[in-house]
Amino acid sequence: MRNFLATLISALFLAQTPLVHAAPDQALPEHAGAHPVSSPEYSGIDQILVLSSSWVIVVTSTMPELMDEIDRLAHGQFYRSLDVWKKSQQEGRLDWNTRKAISALRDDYITQARENVGERALKSPETYTIQSPGDPAYADPVAPAEVGYTLVGLGAGRHTGGHEIDYAHYAYLRLPSPMKPGQRYTFTAMGDKQATLHYDESHTVSRAIKVNQIGYLSTAPRKFAYLGAHIYGVGPLDCAPYTRFEVVNADTGDVALRGEVQLRDRSARIASEGAKSGDEPPPLINGEDVYELDLTGLRETCDFFIRVPGMGRSWPFRHAPDVYAPVFKTAARALYHQRCGVACEAPYTGWTRPQCHTAPVYESDLIAFGLGEFNPPENYNVFDIVGGSIDKSRMTENVRGGWHDAADWDRRNQHYTVVFDLLYAYELAPENFTDGQLTIPESGNGVPDILDEAAFGLEVWARSMTPEGGVSGYVETHTHPRLNDDVDYAFSRRTRWDSLLFAAAAAQLAQHLKNFDGSESERWEALAKRAWAFGSDPANSLGQVEIAARRNRGSGEPYTLTWEEKENYVTPYRLHARIRMHRLTGDKSYLEGLSDDMRGFPRPYQWPRTLKDYWPWFSYALAGADSVLPDFQRKRILREHLIAPAEDLLAHLDKIPYRRTWPRNQAGFMGWGNTDMTNAGRALLIAHDLTGDARFRDAAILNFDFMLGANPMGMSWTTGLGYVYPTDIQHEISQKDGIPDPVPGITIYGVTGGMFRDLRETVWKSPGGAASPNPVVFDSPEVPLWRRWSCHPHLNVGQCEFTIQETISSTIFCAAMLIDPEVPATAEATPRAPRPAEALYGRWYLP
């Protein structure tokens, strides 16, 4: 997961996709209708982001000038060294001395270079002018009345390879007089950088209007959009003058709904418990005054946008009962792009790649520990173990199946979260799924695509099975390689819990396949029975086991670790497998010992189990065990394990400015997928299935609104969904394919609450070198909690990475459960092509 060094080396000093500016009236076809989104004309200024008729963000980059200035100060040595380094890369003989020289030259001269190219002046009103031929207030060039300022990371270095970060200057300009609809305004920065904006409230998007950029369910009981923005160095955008909104039909221009803008929250801070006088103030939640637009009265099925007089319009969105069908398809197809052992190719995708990982998989001493009470040995190093214990005398050929994460090529038992989410989604709502729904290679085989994808996820473990039925839970190598580096992969040891995980999933898959493919159902049933036989037998316990390893990823001194398997580690896995095997076969012998396994059955959502893993499905399986458990016992467990935690989530929904089930006072525990609100959505939709209580479904939908754009940054956190989504993510395939638009359907980690390393250590403070010993220190502004995301796939991995089980899986499940079965699914013969660079609005996000 933390593939840092390998990707950093390959990316830091290579030029990336060139920047392309949007042409006038450039818009995506989705939902645009007769009112496309307009874009300014650019000549030097990189981007104009409109907040209102009175506030505009002028985005400029000094990177080309900065690199040229460093080279000038270094008397040409900087670019000469870059040429030598790039040549060494092309020849496959990396010249690390030159690499170090490049860094030293940059550090020596960057402070003076930043001063020389005028970066400090970008905070000054005198640096900018506004002029308009049709607005008398701007007949002559006028300076802004006020300027707020921040630095924003745009991703990996793109210009010469001489700086790790492509950063931009965001200058928030308060205009002396509001712009008038229908007029053109030319903004000038630094004397010669320009952009011309045609301000039209039916075509000019205000980034201060936050909507679900995919759309709103017409059946949802509550629907909201929001107004608000944070202006660095100034404070909240004043939205009080904007008192009404209109929802406009994108095709006809007719107004379908009018409403009043309502204040929801002043710029509040996180509630800090136990704070003392003199303590640092807790962080701002959003840094903005949040206003709400109530869309609940909207009735038509149509494409719309919101117009706010004096601000502009929103991104287009759809209002219909079927808005989540494309979300499900896009997110589920991300699994296709992450498949291991196959090629991704036309006609199934425009993001093609060759077949991966065709070499045999060997054996090792590695153990794939499960969730819960497992305690690996101290200093358990996966790479040392694989490198130090790999046994190439034992191999398995053609180990296809399973999925990869962002830039790691392992496959692991945590991915059962995805398998169970797919299988239980089908079990909860089989009417939502069809064959051909996802446009994958298996489409057309008569089996719902969601089951085909689950089967592909299980296939790697089926191929790991020993004659005795033992199943592995890990395929790993000794290092962080690139996709098809020549390294050896090995299976982990076969364990009882991995075998029982597989048995439960294979049994569930076999049960669902009975009505579609009898032979495949029989195959998976046979595999499930073999895995059950191994996993349920205490004789197959590892007991106290020695694990061989070598330091330095297998190249150093040998050492040994000791670990002991305990029966309570296995018990929850056996309980789940018992129920699934009984459901498949009707054989009551699988239930013998059920009452023993029930004792101390751990609850989901309690550490070390979280909202992000497969554990709730262990409890949910009891919902179908009415014939094997006393009704009172089953209902008590379901309430304590699944319904009560969902009620706790509900308690937070309306207490936070942007409605979602996140505690208003929580500023910690935000990393590694915790702020992906579809993880909470899964818990809510499980509770909805158990109770029929519409409040749970309502909360899950509002969580999804937040994830798809109705949030402080106005960003959809899933690539390919909406208009503004991350474009430079930690995903090796997207970074190497030469396509500006990243592979769609990937939900990234996003906001974590921590300050981002890329800007804090490399941009806000430039390193001082021999030629410029005093670093430039820009005033690092206070960044509100829910805006603390910055784009950099290598220096900010913890925000720009993903795993299929922590972020993608819950997105798939929640969208799957919100599909309207009354609206037939349509299968496109060819999924959409990558979007052009000028339509990737998420590159210029709202910080």
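Considering region 501-541, and only residues there that are more than 18 Å from Ala577 (Cβ to Cβ), assigned to a loop (DSSP other than H, G, I, E, B) and not aromatic (Phe, Trp, Tyr), the residue that is most open to solvent (accessible area, probe 1.4 Å) turns out to be Asn515. Residues in region 571-587 that are free of Cβ contacts under 8 Å to residues at least 12 places away in the same chain and of a type outside the set (Gly, Ala, Ser): Asp587 alone.
The selection criterion, being in contact with a Pro (Cβ under 9 Å, 6 or more places away or on another chain) and among the hydrophobic types (A, V, I, L, M, F, W, C), does not hold for Trp532. Considering region 360-383, and only residues there that are under 30 Å from the mean Cα position of the chain (by Cα) and farther than 24 Å from Leu500 by Cβ, the residue that is surrounded by the fewest Cβ atoms within 10 Å (Cβ to Cβ) turns out to be Asn379.
Would you confirm whether any residue within region 809-831 is hydroxyl-bearing (Ser, Thr, Tyr), in contact with a strand residue (DSSP E or B) (Cβ under 7 Å, 6 or more places away or on another chain), open to solvent by less than 50 Å² (accessible area, probe 1.4 Å) and under 23 Å from Ala700 (Cβ atoms)? Yes: region 809-831 contains one or more residues that are hydroxyl-bearing (Ser, Thr, Tyr), in contact with a strand residue (DSSP E or B) (Cβ under 7 Å, 6 or more places away or on another chain), open to solvent by less than 50 Å² (accessible area, probe 1.4 Å) and under 23 Å from Ala700 (Cβ atoms).
In region 622-644, the qualifying residues are those that are among the small types (Gly, Ala, Ser) and modelled with pLDDT under 95, and the one that is farthest from the chain's Cα centre (by Cα) is Ser627. Asp46 meets the conditions (1) open to solvent by 60 Å² or more (accessible area, probe 1.4 Å); (2) over 30 Å from Val247 (Cβ atoms); (3) of a type in the set (Asp, Glu) in every case but one. The failed one is (1).
Open to solvent by 30 Å² or more (accessible area, probe 1.4 Å), small (Gly, Ala, Ser) and farther than 30 Å from Pro467 by Cβ: is that true of Gly444 in this structure? When the stated conditions are applied, Gly444 passes them.
One line per residue, one yes/no per condition, for (1) touching an Asp or Glu at 6+ places or on another chain (Cβ under 8 Å); (2) open to solvent by less than 30 Å² (accessible area, probe 1.4 Å):
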site	(1), (2)
Gly350	no, no
Gly387	no, yes
Ile390	yes, no
Arg394	yes, no
Tyr424	no, yes
Ala429	no, yes
Thr434	yes, no
Thr439	yes, yes
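Checking each residue of region 745-756 against the condition of being free of Cβ contacts under 8 Å to residues at least 12 places away in the same chain, open to solvent by 10 Å² or more (accessible area, probe 1.4 Å) and farther than 22 Å from Val418 by Cα gives no match. Val823 falls short of the stated requirement of being at pLDDT below 90 and either touching a Lys or Arg at 6+ places or on another chain (Cβ under 6 Å) or aromatic (Phe, Trp, Tyr) (or both).
One line per residue, one yes/no per condition, for (1) touching a residue at least 12 places away in the same chain (Cβ under 8 Å); (2) farther than 30 Å from Ala815 by Cα; (3) among the hydrophobic types (A, V, I, L, M, F, W, C); (4) open to solvent by less than 10 Å² (accessible area, probe 1.4 Å):
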site: Pro181; (1), (2), (3), (4): yes, yes, no, no
site: Thr188; (1), (2), (3), (4): yes, yes, no, no
site: Lys210; (1), (2), (3), (4): yes, no, no, yes
site: Ile214; (1), (2), (3), (4): yes, no, yes, no
site: Ser218; (1), (2), (3), (4): yes, no, no, no
site: Gly228; (1), (2), (3), (4): yes, no, no, yes
site: Leu237; (1), (2), (3), (4): yes, yes, yes, yes
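In region 759-800, what residues are polar (S, T, N, Q) and either farther than 29 Å from His731 by Cβ or open to solvent by less than 20 Å² (accessible area, probe 1.4 Å) (or both)? Before you say what the answer is, go through the steps one by one.
Step one: of region 759-800, the residues polar (S, T, N, Q) are 762, 766, 772, 774, 780, 790, 796, 799.
Within region 759-800, Ser766, Ser772, Asn774, Ser790, Asn796, Gln799 meet the criteria.
Could you tell me whether any residue of region 92-105 is more than 33 Å from the chain's Cα centre (by Cα), of a type in the set (D, E, K, R) and not in a loop (DSSP other than H, G, I, E, B)? Looking through region 92-105, at least one residue is more than 33 Å from the chain's Cα centre (by Cα), of a type in the set (D, E, K, R) and not in a loop (DSSP other than H, G, I, E, B). Among the residues of region 770-824, those identified as assigned to a loop (DSSP other than H, G, I, E, B), more than 30 Å from Asn116 (Cβ to Cβ), charged (D, E, K, R) and touching a residue at least 60 places away in the same chain (Cβ under 8 Å) are Glu801, Asp820, Glu822. Under the condition of being more than 30 Å from Cys800 (Cα to Cα) and charged (D, E, K, R), which residue from region 100-155 is most open to solvent (accessible area, probe 1.4 Å)? In this case the residue turns out to be Glu126. What's the total number of residues in region 736-769 that are farther than 28 Å from Glu119 by Cα and of a type in the set (Asp, Glu)? The qualifying residues number 2.
Which one is surrounded by the fewest Cβ atoms within 10 Å (Cβ to Cβ), of the residues in region 59-88 that are in contact with a helix residue (DSSP H, G or I) (Cβ under 9 Å, 6 or more places away or on another chain) and either under 30 Å from Gly312 (Cβ atoms) or of a type in the set (Ser, Thr, Tyr) (or both)? The qualifying residue surrounded by the fewest Cβ atoms within 10 Å (Cβ to Cβ) is Ser88. Quick check on region 557-567: of everything there that is in contact (Cβ under 8 Å) with a residue 24 or more places away in the chain and exposed (fewer than 12 other Cβ atoms within 10 Å of the Cβ), which residue is farthest from Glu378 (Cα to Cα)? Restricting to residues being in contact (Cβ under 8 Å) with a residue 24 or more places away in the chain and exposed (fewer than 12 other Cβ atoms within 10 Å of the Cβ), the top hit is Glu567.
Restricting attention to region 570-600, the residues being open to solvent by less than 20 Å² (accessible area, probe 1.4 Å) and more than 21 Å from Tyr620 (Cβ to Cβ) number 0. Candidates are the residues of region 159-178 that are open to solvent by 10 Å² or more (accessible area, probe 1.4 Å) and over 15 Å from Val763 (Cα atoms); the one that is nearest to the chain's Cα centre (by Cα) is His159.
Table: residues versus (1) surrounded by 19 or more Cβ atoms within 10 Å (Cβ to Cβ); (2) among the aliphatic types (A, V, I, L, M).
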position	(1), (2)
Pro602	no, no
Trp607	no, no
Asp648	no, no
Gly671	no, no
His688	yes, no
Ala710	yes, yes
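Residue-wise test of (1) at pLDDT below 95; (2) open to solvent by 10 Å² or more (accessible area, probe 1.4 Å); (3) assigned to a loop (DSSP other than H, G, I, E, B).
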position	(1), (2), (3)
Thr296	no, yes, yes
Arg299	yes, yes, yes
Ile306	no, no, no
Gly310	no, yes, yes
His319	no, no, no
Asp322	yes, yes, yes
Lys329	no, yes, no
Ala332	no, no, no
Leu335	no, no, no
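Would you say Ser472 is crowded, with 23+ Cβ neighbours inside 10 Å, within 29 Å of the chain's Cα centre (by Cα) and within 25 Å of Gly341 (Cα to Cα)?
Spelling it out, Ser472 is indeed crowded, with 23+ Cβ neighbours inside 10 Å, within 29 Å of the chain's Cα centre (by Cα) and within 25 Å of Gly341 (Cα to Cα).
Taking residues in region 600-613 that are more than 14 Å from Ile686 (Cα to Cα), and partners anywhere that are of a type in the set (D, E, K, R) and open to solvent by 70 Å² or more (accessible area, probe 1.4 Å), the pairs with Cβ atoms closer than 8 Å and at least 6 places apart or on different chains are Pro602/Glu373; Pro608/Glu373; Arg609/Arg603.
The values are calculated or read from the model by the stated rules, or taken from the named source; none is laboratory data. None of the values given here were measured: they were computed from a predicted structure. Neighbour counts are summed over all protein chains in view; Cβ atoms, including those assigned to glycine, are modelled from backbone coordinates with ideal geometry. Side chains are part of the model used for accessible areas, which takes the heavy atoms of the whole protein and leaves out ligands, DNA and RNA. Shrake-Rupley method; radii C 1.70, N 1.55, O 1.52, S 1.80 Å.
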